[in-house]
1. Which of the following residues is in contact with a helix residue (DSSP H, G or I) (Cβ under 9 Å, 6 or more places away or on another chain) and of a type outside the set (Val, Ile, Thr): A:LEU296, A:LEU263?
2. Restricting the search to region A:164-195, which residues are free of Cβ contacts under 8 Å to residues at least 40 places away in the same chain, buried (at least 21 other Cβ atoms within 10 Å of the Cβ) and in a helix (DSSP H, G or I)?
3. Could you say whether any residue in region B:674-689 is within 14 Å of chain A (Cβ to nearest Cβ), surrounded by fewer than 24 Cβ atoms within 10 Å (Cβ to Cβ), under 25 Å from B:ASN492 (Cα atoms) and modelled with pLDDT of 95 or more?
4. What's the number of the condition A:PHE17 fails, among (1) modelled with pLDDT of 95 or more; (2) assigned to a loop (DSSP other than H, G, I, E, B); (3) not basic (Lys, Arg)?
5. Any residue in region B:766-781 that is more than 10 Å from every other protein chain (Cβ to nearest Cβ), touching a Lys or Arg at 6+ places or on another chain (Cβ under 6 Å), in contact (Cβ under 8 Å) with a residue 12 or more places away in the chain and more than 22 Å from A:ILE133 (Cβ to Cβ)?
6. Scan region B:752-765 for residues that are part of a loop (DSSP other than H, G, I, E, B) and within 14 Å of chain A (Cβ to nearest Cβ) and jot them down.
7. Can you say whether B:LEU69 is modelled with pLDDT of 95 or more and assigned to a loop (DSSP other than H, G, I, E, B), as far as the supplied structure shows?
Amino acid sequence: MSEQSQIKGKIYDIQGFSVHDGPGIRTTVFLKGCPLRCPWCHSPESQSFLTQMSYTATRCIGTELCGECLRVCPAQAVEQGKEEVNPADKSVLHKAVWHRDRCLQCAACTQVCFPEALSLCGKDYTVDEVADILRADYAYFSGSDGGVTVSGGEPLSQIDFTEALLKVVHGEGVHTAVDTTGFVPQEAIRRVLPYTDLFLYDLKHMDSAEHERITGVPNELIHENARFIARSGGKMQIRVPVIPTYNDSEENIRRVAEFCVELGDAVTVVQLLPFHHFGSAKYERMQMYDPIPMTLESPSDETMERYRALMESYGLPAIIH
Amino acid sequence: MYQFSPATERILRMREIIRERIVRYDSERARIVTESNKRNEHVPPMIKRARLLYDLCEQMTILVEDTELIVGNKGPHFFSSPGFPEWGNTDWVVDDVVNRGWELRDGIYYNPPADGIKYCISKEDHEYLSSIMPYWKERKMGTMIDAWKPEGYEELAALEISQYVPKGGMSLFGLPAGHIICGYPKIINMGYGAIRKQAQDWIDEHRGNLMGDDVNKYMFYTAVVITCDGASLLARRYAAKCEEMAAACTEPGRKAELEKMAGGLAWLAENPARDFWEALQGVMLYQVLLQIFEKIPGPAIGRFDQYTWPYLKKDLEEGKLTMEQAQELVDAFFLKLNCYYGAGMPKLVDVTGVGNTYQNTTIGGVDPITGEDASNPVTYMVFETVGRLKMHDPTLVFRTHKGTPDKLWECAIATSKMVGGLPLYYNDDVVIPCMMNEVGYSLEDARNYGCIGCQEIVGSGNDYPMPNGAYPPHATLYWAAIFDMAMNDGLNPLNGVQASMHTGYLYEMNSIEEVRAAVEKMGTYLMRLYISINNYAESLGPFFAPEPLLSMSIEGCMESGKDCTAGGAKYNSFGGTATGLATLADSLATIKYMCFDKKICTTRELYDAYMANWEGHELLRQRILKEVPHFGNNDPYVDEEMAWCVDMYYRICKQLYSTRSKVYKAGLYGSADHIVQGHYTWATPDGRKYPDAIADAASPAQSRDKKGPIQVFNSSNCYDHTKFLGGIALNLRMHPSVLSNDEGIAKLRDMTKAYFANGGMEVQYNVVDTDTLRAAQADPEQYRDLVVRIAGYSAYFVELGRDLQDDIIARNENRI
């Protein structure tokens, strides 16, 4: 058993048949922790580098039948909630209510919550354990140019784990992709380059000051790393989230296109991702503040199509979603 | 992405009439059969039945509608549902009108609006059907078969582990076996004249010289001659009707069409089809004969694209038809099939579905001789019809293999996106060896397979397959209930009835091996008992209900002079299905995990908890749901139990045979049995409560698959699919976003192909999200064309009962 195979990574999900994270049928490993704070983030549970509590109220079966969490919580962070009527059988119940502000994150309640209303988000896996899970899917990759995507959060922030995992999977002949913000030391990119067939590379805003205002970090390092990948013969699928009022100006999209042209052959395709509200339930579960107002509408199909055409006018193959 | 083109205006009009259908029960057929039977009361059934068919062909009302290109009706109304009093089939409607108080408006009774399907019957028809009940009471097909029954039947009826053996029992011969693909190519390529001649020649040769078995052959061939005469007569009557309408028609285009139809039908009365239209009309004419002759379940259409394409090819080469015209004919053909829905007992409709005619149609696949891809333009046309008309019926089976063109895959998946559950994706590379190994089909015949009913696999026009046995169907032995009995010393906890087989109690068992042994013991006992009853009915069936009409097109029968029910077909088998074995596997895994491996609770505690339907044991139930591995997640802990369950079931099947057939086919499919079975099955250790549905067909239990479709596939491949010739149904629900673009379609295709490459036999996709289903429940009118698949059939979602709707919603929604 090599030392590398025992390196641990903090993972919040492993998703099979993940059809929108790179070419073909892929299984995506989601790592926890990210240096950016994009307000439209649809995986708020991916932001913190720590294991966190999460509460899904719909799963709670009520304190009448259970109530174990109330009994074990040392900090009174779980309380009995208001009276509710179960729509299925019209019975009256009081669900548990979790208060993040009082929670010590001791996770005692998750041990007794069988319906998994209270659960932990983020679990440490060794490279070996993850590789074993992925191997069950290998047969489904080959026919479709598919493979494994390591995503996040920012997977390159857990560089030792990510490098070791990619090395194993790539070594077994599987196509690999890394979904990155690009906001990592160049050294991290250099380490995974030999085992990465494709980078899914996000460009969120071309103006560095705006980028910093929105995501918390400037974009120079991101651009530099993209150029480094291109120079080193790496391939990139550029991902552009199109978020109304944040980065959806035509000027910004044009600048993205210009930058992609500069990167040359390294860019395989530009993927335009229309904003959606899928993440809002997750903010609720984590009891985190959702920075995007519910009133913000997704960009129209026409807008997306216009930007796709714009990309193509620069000679860039482009897809939506 | 494949785009469906719009249908013509008259096709859309006809579709609308069908969508708004009110099935009209009538007494015309009942009257003809009653009079015919009185005239032939003591004539041997083989001849009596042939004469009945002739009388029907002579006397039934002939209808041709203005919108129709392909004709053929079951009665005096566009949506007639004829009565079959000789099968005891009219009793329920007579009673239902009275018992449930159908509303009388303008001389017509209408069934309660809460029913999913709309029925009506005129006052006169109802009165007539009531009046013949005393006559038929002692003259039904099953009268003699039911008058005495082998020992054990009463026990089976008391146990109530099949809805077809209810408390007090029911007829053992209430329907013909059906579930068959007749020899449509023979009918259209040869014609009734040539078939009749074959029979007449034998009769002439043997006149006055009937030695040994010749007597039976003589009667069979005579029945075939009478049947052919009936068929020719019916064709001529349709021809005359078209001619009459043509004469009265002032619109030149339609007039020419009617003239062409009249000429074609007159020709088809005795001759083989000459062009594509005649081929389709020839198939339909035979289909009408099957439909009016008896209440035949599952008369499947077979490999439609294979036997019609040569005709279209010729027409196209000769410039007689354009592709657009051909497409309209295909539309008209499948719409016409939708008119053959017959009224059924409301309780039965819960299982078999609203508007489902079970005229399963098979397309794609390989050529029987070369083994190369056999798809052709008609294959695409059928998808086009089903997709653009959002047609939930007939069930469409798409045979795929390694050489299936990508373009055809794309077309099929575009159809799946439009129409829930259609097509069913079947894997030739698994099915063909399965047919050869299990029943001994030749390679050529195996390559020519088709599907019938829900999805049972049978030969094309050479097979008497009885995949659901004689009536009652074997799809309905409730395995989860058998499991409960095995854990209860043979007592059914639902009704407290004790079987004569004792297996001990769960709390007396000390290992998973002992638990398994108890299940196998109880399963073996009940399967043998059930099939014994089948074999009794099956052995008498050929005398009371021979099938000269079916037999004359099925390879082997005309050659041997032997009816298909008596074993005249080239291939013979029978079988059934064990639906929802995942509930069993999950229950076994629960006992193993909770009681023997982790020792979280004792067998007594687990037994007490689920015997109490989990009342007061919710925490234990939640723990089981969370901790115990469930089938469908690629976890060997439980997949091993699933493999044991299906092997056990297969082992039992191999011990069963009848006089006609040595092979009992095992199947893992079901129509909507799993929902009904839920009501007949007490709680189970896997955390399922009474009366929740058990798992459907070969799928994981509802919402227990948490890791996406690939892990469902990996779990499914934990057992050898090539043993289950009855068929396998694996239901997967996909979120529509998966198929939002070409890439998604390609990915679904590649995933399905990978599943098949790993040994998967079948998969069917419902492409619909939970939000849409909930919205449809709230506002049915807005979603009237939303089609979903249950297990063995697809249906308009808004026409389904609430528990069936909820079952679809409860299935895991696979998204990205």
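The values are calculated or read from the model by the stated rules, or taken from the named source; none is laboratory data. The structure presented is a predicted model; accordingly, all values stated were derived computationally and were not measured. Cβ sites come from the backbone with ideal geometry, for glycine too, and all protein chains shown count toward neighbours.
1. Numbers: A:LEU296 fails: in contact with a helix residue (DSSP H, G or I) (Cβ under 9 Å, 6 or more places away or on another chain).
Only one candidate passes the filter, namely A:LEU263.
2. Within region A:164-195, A:LEU166, A:VAL169, A:ALA188, A:VAL192 qualify.
3. For region B:674-689, residues within 14 Å of chain A (Cβ to nearest Cβ), surrounded by fewer than 24 Cβ atoms within 10 Å (Cβ to Cβ), under 25 Å from B:ASN492 (Cα atoms) and modelled with pLDDT of 95 or more: present.
4. Single failed check for A:PHE17: (1).
5. yes
6. If the condition is that a residue be part of a loop (DSSP other than H, G, I, E, B) and within 14 Å of chain A (Cβ to nearest Cβ), then B:ASN758, B:GLY759, B:GLY760 are the ones that fit.
7. Taking the combined requirement at face value, the residue satisfies it.
This table checks each residue for (1) part of a helix (DSSP H, G or I); (2) among the charged types (D, E, K, R); (3) within 20 Å of B:ASP785 (Cβ to Cβ).
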site: B:GLU384; (1), (2), (3): yes, yes, yes
site: B:VAL397; (1), (2), (3): no, no, no
site: B:GLY420; (1), (2), (3): no, no, yes
site: B:VAL430; (1), (2), (3): yes, no, no
site: B:GLY440; (1), (2), (3): no, no, no
